[in-house]
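First the structure, which I've put down as structure tokens, then a few questions once you've had a look.
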Amino acid sequence: MAAFAANSLLCRIALSQTSTDPATFTMIRLLAGALTLSMIVVLRKRTLRNAGSWQGALSLLTYAIAFSFAYVNLPAGTGALLLFGSVQATMIITGLYQGEHLRITQWIGLLTAFGGLIILVAPGIHAPNPYSALLMAVAGIAWGAYSLLGRKQGDPLTATAGNFLKAAPLSLLFLPLTSSMDSQGTILAIISGSISSGVGYAIWYSILPSLKATQAASVQLTVPVIASTAAVFILGEHVTFGLVIASAAILGGIALVILGRNRN
């Protein structure tokens, strides 16, 4: 979870403290992730033939590019909370569409979480840039769709490597949007792609079989907390009262939905 939270910090640092643009950051990140994951799969003596899918690659590319452009004007902690809330909302709403029934406590949790999202993006002194907030919501929806597609794949690590390999060349479509890059931004993008994404995913998928579905969903609640806390110490971001209330509502509401699902 620390590795996943690090993606928010690395991207925010690269786009706010270096001259690297979001399109270039995305292309380097996807390429580094593809190479790292491919090496891990090969070392495990698995094959990449027919790994992944074009639907998964498009979802991954949409997530990555929207994620990067959102962090041009979005604090790391706020972005992580918006991303996580959008991912979980996408998966919960999909479950409802597919016929999943919620208990009363789960409905309360769902409404509380959406209320927290409204508080987070409501106009005010500390409201995030609306364009950036919308882009991060798109990134969350795309990652939620990517996660749902991944449920249909046998080996998630191999599938993720295949999706990265397909998404990396597709990211070249954004070459017209590139403007500048520097060595520091390039290094941050490589770390984000190879370690925070590549190695992070490998670790996550290796322990996932030993976790119950509810445990796996619950532990992800720590990602926005880790990102927000680290952003305070590393980036000097301020913790506002609105962010605290929104975080409690979003994370607490989603926790109610997850725990209610476990009771079912």
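The values are calculated or read from the model by the stated rules, or taken from the named source; none is laboratory data. Since we're looking at a predicted model, the values are computed, not measured. Here the Cβ positions follow ideal geometry from the backbone for every residue, glycine too, while neighbour counts run over all protein chains shown.
Restricting the first residue to segment 40-63 and requiring it to be in a helix (DSSP H, G or I), which pairs with a second residue that is among the basic types (Lys, Arg) meet a Cβ separation below 6 Å and a spacing of at least six or different chains?
ALA57/LYS166
Determine the pairs where a residue that is within 15 Å of ALA3 (Cβ to Cβ), located within segment 219-241, has a partner that is at pLDDT 80 or above and of a type in the set (Ser, Thr, Tyr) with Cβ atoms under 6 Å apart, the partner being 6 or more residues away or on another chain.
Within 6 Å, the pairs are ALA227/SER8.
Pick out the one residue from SER171, SER180 that is modelled with pLDDT of 75 or more, part of a helix (DSSP H, G or I) and of a type outside the set (A, V, I, L, M, F, W, C).
SER171
In addition: For segment 83-105, give me the residue count where each residue is closer than 29 Å to SER8 by Cβ, in contact with a Leu (Cβ under 7 Å, 6 or more places away or on another chain) and of a type in the set (Val, Ile, Thr).
Going through segment 83-105 one residue at a time, the tally reaches 2.
Let me ask something else about it. Testing VAL42 on (1) buried (at least 20 other Cβ atoms within 10 Å of the Cβ); (2) closer than 23 Å to ALA159 by Cβ; (3) of a type in the set (Val, Ile, Thr), one condition comes back false. Which one is that?
Among (1) buried (at least 20 other Cβ atoms within 10 Å of the Cβ); (2) closer than 23 Å to ALA159 by Cβ; (3) of a type in the set (Val, Ile, Thr), the lone unmet condition for VAL42 is (1).
Now, a different point. Mind counting the residues in segment 70-86 that are surrounded by fewer than 24 Cβ atoms within 10 Å (Cβ to Cβ) and not polar (S, T, N, Q)?
Total meeting the criteria: 1.
Exactly one condition in (1) surrounded by fewer than 24 Cβ atoms within 10 Å (Cβ to Cβ); (2) modelled with pLDDT of 90 or more is not met by LEU48; state its number.
(2)
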